[in-house]
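The values are calculated or read from the model by the stated rules, or taken from the named source; none is laboratory data. This is a predicted model, so every value here is computed, not measured. Using ideal geometry, Cβ is built from the backbone for each residue, glycine included, and neighbour counts are taken over all protein chains shown. The protein model used for the area step is the full one, side chains on, heavy atoms only, and it has no ligands, DNA or RNA in it. Shrake-Rupley method; radii C 1.70, N 1.55, O 1.52, S 1.80 Å.
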Amino acid sequence: MSDYNKPLPPPSVESEPFWDGCKRHELLVPRCDRCAHHWFPPAATCPECWSTDWTWARVSGKGKIYSFGVYHRAYHKGFAEELPYALVVVELDEGPRLTTNVVGCKPEELSCDMPVEVVFDDVTEDRTLYKFTPANDG
Amino acid sequence: MSTNLSGKYAIVGVGQSPLGKVPELGPIGLFAVAAKNAIEDAGLKKEDVDGLITRGPDDVYCHHQKVGEALGLNVTFSTSTANGGASQTMAVAMACMAIEAGVCNTVVVGYGRDTWSRTHRTAEAKQAVASRPRTYSEFGSEFGQFGAPVNYAVAARRHMERFGTTKAQLGAIAVAFRNHARKNPHAFMQKPLTLEEYLSARLIVDPLCLYDCSVFIDGAGAVVVTTAERARDLRQPPAYVRGFGFGNRLSGWYADDNMITTGAKEAGEAAYKMAGIGPRDVDTAQIYDCFTHMVLLQLEDYGFCAKGEGGPFVASGALEADGVLPTNTSGGQLSEGHIEGMLQVLEGARQVRREHTADRQVKDCNIALVTGHGGNTVCQSALILGREAG
Ligand SMILES: [Zn+2]
């Protein structure tokens, strides 16, 4: 039994392949076969051209911080001991934005446009979360 | 071909329930009191009402079927909208469209909620607050994304880093609205608020603190909408509907630059065009203020200053009673109380009716802009009310 006490919402029909990718430490996002647009969260049609032909594409995992907010109040007991913690919006180099946490960095060290790269956190036997860390240049 | 409805319809009655802590009434009961007061204010009777538009979608809100049952209403047209805080201004516009289409003549529009009591009425209710949230969604909850404030904190942070907006500038909004509230005996927050107190307040989601967030109360507001022709024979000076507009950036708050320039830009452009006016003609603004930063964004998007200049604009004292744009003159949701923008529709109408005492009345008020925002951050609606029909 895991003592992990933060919420892990069950994957939807459309997101299951994404979470399976995380388990393999691969970041996958839908890419349109017609117009090459990448999008997130997963959806059945390309939001740019409405094509239904698309592929789960493994992306670089590199991006930058679009913005962030730092929680000083716990809305969930699983996060109470993390306070203050940052909810971060990362824009991938391929375009889509993901809400996430940045690890290896204090909230006060964050800034918009800071380069980051994906890391994977195997939080339970069944689930792996995508997180980001300040990018190692070079 | 489009028809310009500007000045053809008017708000002819306004009413509100008791506001604040009203544990003896639920949302439907609060709404019923507000609706009765609005009808009486107009000098109309229950039998005159043939339309009802409320805010949906579920029993937490004022579903039109439940409201209609409580009021014993049989009408030709009724519905509930689901655009969150953008619903209330939109419902006034929908009433005009419904009357124009000939489906009804006199429409009650309103909203009520018992947010204070819902969270305080019983030990169970208090517990429910302590242990919220009760629903989780993927790509958010795993990372600790809960509640509404974070959406505006993220937007404020981006605005600060891009344009140099400061906490003290957001504070000027909270302080101005508190100053207005202290002249409104029905406002929930009556204690003075200084910029120093604002700057030392407890953080909720940085950069937003306690005073950046609206206050939850029990209450309801309602208005009566009918034709300008009929309005002229009624008890009160009409608040003519001069313009309305909408902008729903459904692609998402986190997509593109939608948290920098919002759908308020499209809503405002359409409303000004319909009214044949511009932002310089607006005498008072009632801006949807779930959070201070949302006021700042809308002031930019509705053209009262350039994009990025909202901070210096509000810090200049523009929103105060003697400022260039007295804004949220009843205290707004930050200090009067949060009824999803409905009380601001009432305040816009009251200002163009010029019914306030001198300390609260915007001098020579001819035009009021009332805005709505919500639907999980992506919906905007604007309403322009005028003392004259055109
Ligand atoms: Zn496409």
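Worth pointing out:
- For the pair B:K183 and A:S111, label points projected 7 Å from Cα toward Cβ lie 4.3 nm apart.
- Under 5 Å from the amide H of A:S67 lie the amide H atoms of A:V89, each residue being 5 or more positions distant or on a separate chain, with H modelled from the backbone and absent for Pro and chain starts.
- Packing, taken as the mean count of other beta carbons within 10 Å per residue, orders the peptides B:263-273, A:16-26, B:80-90, B:26-36 from highest to lowest as B:80-90, B:26-36, B:263-273, A:16-26.
- Nearest-0.05 FRET efficiency for B:A148 and A:H25, computed from C-beta distance (R0 30 Å): 0.35
- The A-B contact accounts for approximately 3000 Å² of buried accessible area, totalled over both chains at a 1.4 Å probe radius.
- In order through segment B:8-16: 3J(HN,Hα) via Karplus (6.51 cos²θ - 1.76 cosθ + 1.60), integer Hz, x for Gly, Pro: 7, 9, 8, 7, 10, x, 10, x, 9
- The value given for segment A:16-134 is a Kirkwood hydrodynamic radius of 15.3 Å, derived from the mean inverse Cα-Cα separation.
- Across all directions, the shadow cast by the convex hull of chain B built on its C-alpha atoms averages 18.3 square nanometres.
- Solvent-accessible area assigned to carbon and sulfur over the protein assembly as shown amounts to 50 percent, based on a 1.4 Å probe.
- Approximating the spin labels as points 7 Å out from Cα along Cα→Cβ, the B:D256-to-B:E355 distance works out to 4.0 nm.
- Nonlocal amide H pairs with B:T81, under 5 Å, H built at 1.01 Å: B:T54, B:R55, B:G56
- Counted by Cβ distance under 9 Å from B:L334, the other residues give a net charge of -2, where Lys and Arg count +1 and Asp and Glu count -1.
- Phi to ³J(HN,Hα) by Karplus 6.51 cos²θ - 1.76 cosθ + 1.60 over segment B:25-39, Hz, x for Gly, Pro: 10, x, x, 5, x, 4, 4, 4, 5, 5, 5, 4, 5, 5, 5
- Over every Cα atom in segment A:9-70, the radius of gyration and the widest Cα-Cα span, Dmax, amount to 12.7, 39 Å.
- Peptides B:173-182, B:242-251, B:102-111 ranked from most to least packed by the mean count of surrounding Cβ atoms within 10 Å: B:173-182, B:102-111, B:242-251.
- Put a dot 7 Å past the Cα of B:L199, heading toward its Cβ, do the same for A:N5, and the two dots end up 3.8 nm apart.
- When each of A:K6/B:K265; B:K21/B:K66; B:K66/B:K273; B:K8/B:K45; B:K167/B:K307; A:K6/B:K167 is checked by Cα-Cα distance, pairs over 29 Å: A:K6/B:K265; B:K66/B:K273; A:K6/B:K167
- Amide H partners (placed H, <5 Å) of A:A57, local residues excluded: A:V29, A:R31
- Mean shadow area of the protein assembly as shown, taken as a quarter of the surface of its Cα convex hull (nm²): 25.9 nm²
- Here's the picture: a label point sits 7 Å out from the Cα of A:E82 along the beta-carbon direction, and within segment A:92-106 the residues with their amide nitrogen under 17 Å of it are A:98-106.
- Of the trypsin sites (Lys or Arg not before Pro) found in segment B:301-390, those that fall in a DSSP loop while having at most 13 other beta-carbon atoms within 10 Å are B:K363.
- Net charge of Cβ neighbours under 12 Å - reference B:A315; Lys, Arg +1; Asp, Glu -1: -1
- The residues of chain B have, on average, 37 Å² of accessible surface per residue, using a 1.4 Å probe with all protein chains present.
- Computed E for B:E100/B:Q65 - FRET, C-beta separation, R0 25 angstrom, nearest 0.05: 0.55
- Sequentially through segment B:171-187, phi angles give Karplus couplings (6.51, -1.76, 1.60; θ = phi - 60°) of x, 4, 5, 4, 5, 4, 5, 5, 4, 5, 4, 5, 9, 10, x, 8, 5 Hz, Gly and Pro residues having no value and appearing as x.
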